[in-house]
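One structure coming up, written as structure tokens, with questions to follow.
All of the numbers you see were taken from the coordinates with simple rules; none came from a lab. Just so you know, these numbers come straight off a predicted model, no measurement behind them. Don't worry about glycine lacking a Cβ; one is built from the backbone with ideal geometry, like all the others, and counts go over all protein chains shown.
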Amino acid sequence: MNKSLDLKLARIHADPHGSKDFILADAKDADMALAIGAPGKSPEAYSGELRYRSLQEFRDIIVEIVEQKLVDIMLMSASTSEILTLHRRLFDHSPVTPAVRVNDTTDIHILRGGSYASAPSLPFRTATLDHIQCGHLDCTPEERRRGVDLGLYSITFNNDAALDRAALEAYKEFRLEAERKGFRHFLEVFDPNRPEAVAPDLVPGFINDAIVRTLGGVTQRGRPLFLKIVYHGPKALEELVHYDPHLIVGILGGAAGTTYDAFKLLSEAKKYGARVALFGRKINNAENQLAFIRFLRLIADGEITAEEAVRAYHGVLQRLGIRPHRPLEQDMQLQTNIMNYAGNGKVISVPARPNPAARTAPVPDFAKMTAAEKVAYHKARWDRILG
């Protein structure tokens, strides 16, 4: 069956400035980072009790979303993909493209009581391409076609020559293997996870330059289908889109926040040149994921504004008898319009009134932080980023 992703990518490349196509992805790969908490809070939790969904409940929701046919990509862990793609054959007759997170750098290892995220990012891959494609080592060419042929590869640059060189070497090794095995990828570039790595106001330019430099020596066969990055605001996004309109830019969703946070982020990023949005936690924490995705789709297709979508979404919840997380008035507020991705500096995710204090906020001295402070800092950072 024709995949909506392939059709949209073809139209975007045929007319980069005129195409209205927009690609939506649901990122259900959090079990490669957040572990037990990845499926999200269970609706069966009681007051004062924190209870998470089971992995089976998590996968059941994935099935419902794929069958809804409104997202273009379903991003999963290799273990979830094995169940749904290889065994259940969920995507065989679906316009939705399955994808798998192919690497899991150490800075996304978020464990209760752990401190990995406070250390500089190191390259690591749990999944192998053979296992992603056919479920075991040494796939035959015929077997490779049974599984997934698209993956998310992630890099965290830290402005450190040795660390960043190691990350680039690992990415090069992956690209060569992927080309040999007919595997496509999209590239996620996180902001530095070391607060002293880059001055906060320079992070957007640093990330743009890191992306362009990384891909400058990569020929077409090895290039990513699109990017997944933090939305640093209109100027940075427009700069990247202007540089190469065929380098398709996607934004990550970040923290759950209010419904308006999610809808406005999508609307604004699209306005300034993004053609892909990958939302994970924003979808997973929604009161009704199917309804939430439907309104993301309407915004992405230009059929409704973010403000109209919030009101309509609350109307759907009311008709379904679902209690919203917040009253409509509160859900219409922006909570994460200033998102902290680089140290304690301020990075604009959607247009907001200037904040002089944010522009002059000092970069924290990471060397003076206690171990507990470092863990708390990085836990809060990844709570905002993972999407």
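If you filter region 1-78 for trypsin sites (Lys or Arg not before Pro), then keep DSSP loop positions with at most 14 other Cβ within 10 Å, what is left?
Lys20, Arg51, Lys69
For a quick check: sort Glu239, Glu64, Glu268 by the number of other beta carbons within 10 angstrom, fewest at the front.
On the way: Glu239 17, Glu64 12, Glu268 21.
The order, fewest Cβ neighbours first, is Glu64, Glu239, Glu268.
If you take every DSSP beta bridge whose two residues both sit in region 4-385, what share of them, in percent to the nearest 5, is antiparallel?
That works out to approximately 10 percent antiparallel.
A follow-up question, please. Where does each of 290-302, 104-116 land if you order them by average Cβ count within 10 Å, highest first?
Ranked from most to least packed, the peptides come out as 290-302, 104-116.
Moving on to the next point. Take Asp6 and Ser94, extend 7 Å from each Cα along the Cα→Cβ direction, and tell me the distance between the two endpoints in nm.
Taking the two extended label points, one gets 1.7 nm.
Hey, fewest Cβ within 10 Å first, where do Met76, Met1 land in order?
Arranged by neighbour count, lowest to highest, Met76, Met1 become Met1, Met76.
OK, next. Please express the Cα-Cα pair-distance distribution P(r) of region 4-385 as a list of whole percents, one per 20 Å bin, running from 0 to the bin with the greatest distance.
Spelled out bin by bin, region 4-385 gives 28, 63, 9 percent.
State the Cα centre-to-centre distance between region 246-306 and region 124-168 in whole Å.
The distance from the Cα centre of region 246-306 to that of region 124-168 comes to 27 Å.
Once amide H atoms are built 1.01 Å from N in the peptide plane, which residues 5 or more positions from His185, or in another chain, come under 5 Å H to H?
Gly151, Leu225
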